[in-house]
Amino acid sequence: MPEFVTVAADIVMTTAGTQTTGSYIPPVPVLFRMSLIAKRLELIHQCVKSMSAARRVDVWTVVLGKAAMKNKHQPGVPLHQQVRQALLEAIGRGEYTPDAPFITERKLCEQFGVSSTTAVRVLNDLVADGVLVRRRARGTFVAEPRPSAPGPGPTTSSANTIACILHGHGRHETRILAGVEDACAELGYRMFLRYSAGVPEQEDAALRSAIEANASGIVLYPVEGSANPSGLAEARRAQVPIVTVDRYRPDVPTDAVIADNLAVGYDVTKQLIQLGHERIATLWNETECTSVRDRLTGHIHALNDNGIPVRPELTVLRPYVKHSAHSGTVEALLKMSRPPTILLCSNGYVLAQVAEDLVAMGMSVPGSVDLAGMDDAGPFDILPLTAVAGVLPSQQMGQDAMRLLHARISGQGDKHDVEHKILPIEIRTRASAPGHLRVVADQ
């Protein structure tokens, strides 16, 4: 069907643009092309004749819609914006209503001749703009019209707007954002997004911007450390509820949705001990945050419970990626009289850097030494490279944070009671995977 529609739409578009008037005789190449078009149209006609009447109408609707999209192409205007505008016009004409499912991604690709990536982007943009809503187990629908508050500017829908402030663009943060977006669509909120880039001053500016925009609440992925709490304090004075994700600020009482970081450190270490590792070196990225401190505590508890001495040189809490000579850390560890048999990395970013440094040293993984990860947050999927790794419930964190924020906005519960929701983590091992990767240095 998609291939048939593509050919048919191309022919309709080409035929519509071919004119012969008066005594004009087209040149041979054009006649040849028109001959081919005639033959293809005849094949299409035969194909369509075999279909039911309803199916024929559906097919030609898609064909003509796709051809029209090609003829309407506006130079300089991105394709996704053209499709978005076409859908907005269709909604305005009443072709899609709140009580009926909206056009699906697959049908959007067929009707407009776009890739699935473009279709997904268009639908996500319309959801983010509040034009569409996603309803669990039902699909995507046109949003019910909401009465607008008087006055111009971004605060007109502030009663239904929340801010989401993240400190990075990695896989973990992207999944958190997807969870927040899902819950916003489910609960009828609009969201504006800001990134702090891990810089306290930028986080503070983002918090103030959310307050000035009269956001109903804030989902915050806090930066490392405890500097610049003024934005958080201002939000509390303005009675804007905040829910933090991934970690929390011990110095500022806020609701939080976090992974069971104590269990991450304990369970990953326990699995490594069961695999025969007793000399486990920990390598960290951030150090001034609750998630890391809890993981280190869990790691030490697992060592103690299994009768393995805690060696300060293997459990020291210091940043690895931020260190100016990070490869020196691994090199020093592996030159010890009794070197570690496995390097336990706090996250995927540390693990990626460690793997690169080991290759530069002419070592292979697994082989010379093995790797493990406390979570899968990083530039790529670390699971195929690790003996054991924790898997964070990132998307669920975002969903639950937004639902908790909605409860606070709606006035549910005592606003003075701080709630920390702790989500379980999953542990995966190399033995349970269908395959794994090996990093080998060039000889």
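The values are calculated or read from the model by the stated rules, or taken from the named source; none is laboratory data. Remember, predicted model here, so these are calculated numbers, not experimental data. Don't worry about glycine lacking a Cβ; one is built from the backbone with ideal geometry, like all the others, and counts go over all protein chains shown.
In table form, for the structure just shown:
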item	result
Filtered residues of region 272-292 (kept if in a helix (DSSP H, G or I) and either of a type in the set (G, A, S) or more than 25 Å from A355 (Cβ to Cβ) (or both))	T290, S291
Residue in region 222-236 that is modelled with pLDDT of 90 or more and more than 16 Å from L405 (Cβ to Cβ) present	yes
Members of region 162-192 found to be closer than 19 Å to R247 by Cα and among the β-branched types (V, I, T), listed by number	I165, T174, I176, V180
Residue that is of a type in the set (V, I, T) and either under 23 Å from G398 (Cβ atoms) or touching a residue at least 40 places away in the same chain (Cβ under 8 Å) (or both), where the choices are T244, T297	T244
Count of residues meeting criterion [over 16 Å from N347 (Cα atoms), assigned to a loop (DSSP other than H, G, I, E, B) and among the charged types (D, E, K, R)] in region 213-270	2
Some residue of region 302-311 being at pLDDT below 95 and part of a helix (DSSP H, G or I)	no
Set V127, V122: member being touching a His at 6+ places or on another chain (Cβ under 9 Å) and either among the polar types (S, T, N, Q) or in contact (Cβ under 8 Å) with a residue 24 or more places away in the chain (or both)	V122
Output for region 166-181, where each listed residue is part of a helix (DSSP H, G or I) and buried (at least 18 other Cβ atoms within 10 Å of the Cβ)	R171, H172, E173, R175, I176, L177, G179, V180, E181
Every pair of residues 6+ apart whose Cβ atoms lie under 9 Å, when the first sits in region 338-357 and is touching a residue at least 24 places away in the same chain (Cβ under 8 Å) while the second is part of a helix (DSSP H, G or I) and of a type in the set (D, E)	D357/E331
Candidate set: region 384-405, residues that are of a type outside the set (A, V, I, L, M), surrounded by fewer than 24 Cβ atoms within 10 Å (Cβ to Cβ) and modelled with pLDDT of 90 or more; chosen: the one farthest from the chain's Cα centre (by Cα)	R403
Selection status of I162, of a type in the set (A, V, I, L, M, F, W, C), touching a Gly at 6+ places or on another chain (Cβ under 7 Å), at pLDDT 80 or above and outside any helix (DSSP H, G or I)	yes
Hits in region 204-221 - residues which are in contact with a helix residue (DSSP H, G or I) (Cβ under 7 Å, 6 or more places away or on another chain) and of a type outside the set (S, T, Y)	D204, L207, R208, I211, A213, N214, A215, G217, I218, V219
Residues located in region 237-246, provided they are crowded, with 21+ Cβ neighbours inside 10 Å and either within 16 Å of I422 (Cα to Cα) or at pLDDT below 90 (or both)	V243, T244, V245, D246
Lone qualifier among E201, E144 - being of a type outside the set (S, T, Y), modelled with pLDDT under 90 and in a helix (DSSP H, G or I)	E201
Filter pass, T155 being farther than 22 Å from G92 by Cα, at pLDDT below 90, more than 15 Å from the chain's Cα centre (by Cα) and β-branched (V, I, T)	yes
Qualifying positions in region 106-128 - under 19 Å from the mean Cα position of the chain (by Cα), surrounded by fewer than 16 Cβ atoms within 10 Å (Cβ to Cβ) and over 19 Å from G179 (Cβ atoms)	S116, T117
Only listed residue being in contact with an Asp or Glu (Cβ under 8 Å, 6 or more places away or on another chain), surrounded by fewer than 17 Cβ atoms within 10 Å (Cβ to Cβ) and more than 30 Å from A387 (Cβ to Cβ), chosen from G231, G188, G198, G225	G225
Of residues in region 247-279 being touching a Leu at 6+ places or on another chain (Cβ under 8 Å) and among the charged types (D, E, K, R), the one surrounded by the fewest Cβ atoms within 10 Å (Cβ to Cβ)	R279
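Every residue, every condition in (1) surrounded by fewer than 16 Cβ atoms within 10 Å (Cβ to Cβ); (2) within 14 Å of R430 (Cβ to Cβ); (3) modelled with pLDDT under 85; (4) in contact with a helix residue (DSSP H, G or I) (Cβ under 8 Å, 6 or more places away or on another chain), yes or no:
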{"site": "C345", "(1), (2), (3), (4)": "no, no, no, yes"}
{"site": "V350", "(1), (2), (3), (4)": "no, no, no, no"}
{"site": "A355", "(1), (2), (3), (4)": "no, no, no, yes"}
{"site": "L358", "(1), (2), (3), (4)": "no, no, no, yes"}
{"site": "V365", "(1), (2), (3), (4)": "no, yes, yes, yes"}
{"site": "L371", "(1), (2), (3), (4)": "no, yes, no, yes"}
{"site": "G378", "(1), (2), (3), (4)": "no, no, yes, yes"}
{"site": "I382", "(1), (2), (3), (4)": "no, yes, yes, yes"}
